[in-house]
Amino acid sequence: MLKLIVGLGNPGEKHEQDRHNAGFWFCDSVASLLGIRLALDPKMRCQIGRGKFQGQDVWVMQPTTFMNLSGESVGAFARFQKIAPEEILVAHDELDLSPGTIRLKLGGGTGGHNGLKSISAHLGTPNYWRLRLGIGHPRDGLEKGTPHQEVASYVLKRPRKEEQEEIEDAINHSMKHFERIMGEDPAGAMKDLHTQRS
């Protein structure tokens, strides 16, 4: 069963609506579902809260280190609480998936995502769960006549209204399968989540 749910993003009001903060949005939904209040832990450099799920402790974390250093918080907290990598779920934005698409997997590469690179380095393994929230890629806009954007600029901007709605729908969809994602039936959850929804 999962014990630590991590959302990736950048701290501060300036970044709240950035595409790069999709992982934070997921964590906000989990915290709301479980009645968890996140509070700043300066030592661990994160916003974090603890709740119960099926009688077991569950932690929800949003690192405040900025994306590229996310692993510092995740690694330190996991070691302190003796949480194994396989008991950690990291929710993050995914350029290679369209908005509204969601994927769940255990382990794998980082796909160039700096937050995942940091976490894998600090955990010493890539074998943790990832919930990939599609945000689309700037190259997708070329077919629509929009100018090309660098990836760094793209992820640090707010999604278009329709994209935001699709991302929120994907998060809400994942909440319907939260019990299975947490460990009752991850294979079944993966099958249901790995669908492009209109």
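The values are calculated or read from the model by the stated rules, or taken from the named source; none is laboratory data. This is a predicted model, so every value here is computed, not measured. FYI the Cβ positions are ideal-geometry reconstructions off the backbone, even for glycines, and counts take in every protein chain you see. Ligands, DNA and RNA are excluded from the accessible area calculation, which covers all protein heavy atoms including side chains. Shrake-Rupley method; radii C 1.70, N 1.55, O 1.52, S 1.80 Å.
Identify, among Leu97, Leu123, Phe24, the residue whose Cα sits farthest towards the positive end of the charge dipole of the chain, taking +1 on the Cβ of Lys and Arg and -1 on the Cβ of Asp and Glu, with the dipole about the Cα centre. Of the candidates, Leu123 comes out farthest on the positive side.
Labels on offer are (1) 34; (2) 41; (3) 44, and the one holding percent of Cα pairs over 24 Å apart computed from this structure is (1). Extension gain, Arg139 to Arg158, is 5.2 nm, computed as 0.36 nm per intervening residue step minus the present C-alpha separation. For the range 33-167, the solvent-accessible area works out to 50 Å² per residue, with a probe of 1.4 Å and every protein chain left in place.
Its Cα centre serving as origin, the range 1-139 has a Cβ charge dipole (Lys and Arg +1, Asp and Glu -1) of approximately 240 debye. So how far, in whole Å, is the C-alpha centre of the range 1-58 from the one of the range 164-187? The range 1-58 and the range 164-187 have Cα centres separated by 15 Å. Each of Leu106, Gly75, Pro138 was scored by the projection of its Cα onto the charge dipole of the chain, and the greatest displacement toward the positive side belongs to Gly75; charges sit on the C-beta of Lys, Arg, Asp and Glu. Cross-link partners of Lys117 among lysines, defined as those whose alpha carbon lies under 17 angstrom from its own and excluding same-chain residues fewer than eight positions apart: Lys105. Computed over the chain with a Gaussian network model linking Cα atoms closer than 10 Å, the most mobile of Lys161, Lys52, Lys176 is Lys161. Exposed loop sites are taken as GluC sites (Glu not before Pro) in a DSSP loop (any state but H, G, I, E or B) with at most 16 other beta carbon atoms within 10 Å; the longest stretch of the chain without one runs 17-149. With K and R counted +1 and D and E -1, the other residues having a Cβ less than 14 Å from that of Phe24 yield a net charge of -3. Amide hydrogen proximity for Val58: with H placed 1.01 Å from N in the peptide plane, the residues at 5 or more positions away or on another chain lying under 5 Å are Gly51, Lys52, Phe53. Compared with the rule-of-thumb size 2.2 N^0.38 Å for a compact globular protein, the range 96-145 has a Cα radius of gyration ratio of 1.36.
Seen through its C-alpha gyration tensor, with square-root eigenvalues sorted a ≥ b ≥ c, the range 12-109 comes out rounded because a/c lies under 1.5. Within the accessible surface of the chain, defined with a 1.4 Å probe on protein heavy atoms only, the carbon and sulfur portion equals 49 percent. Once C-alpha pairs closer than 8 Å and six or more residues apart are averaged by separation and normalised to the residue number of the chain, the relative contact order reads 25 percent. In the range 43-86, Cα pairs under 8 Å separated by at least six residues give a relative contact order of 32 percent. In the chain, taking the dipole from charged Cβ atoms about the Cα centre, the farthest positive-side position among Ile5, Met190, Met175 is held by Ile5.
Computed from point charges on the beta carbon alone (+1 for Lys and Arg, -1 for Asp and Glu), the dipole magnitude for the range 74-119 about its Cα centre is near 180 Debye. Compared with the alpha-carbon gap, the fully stretched path from Phe66 to Ala187 is longer by 40.4 nm at 0.36 nm per residue.
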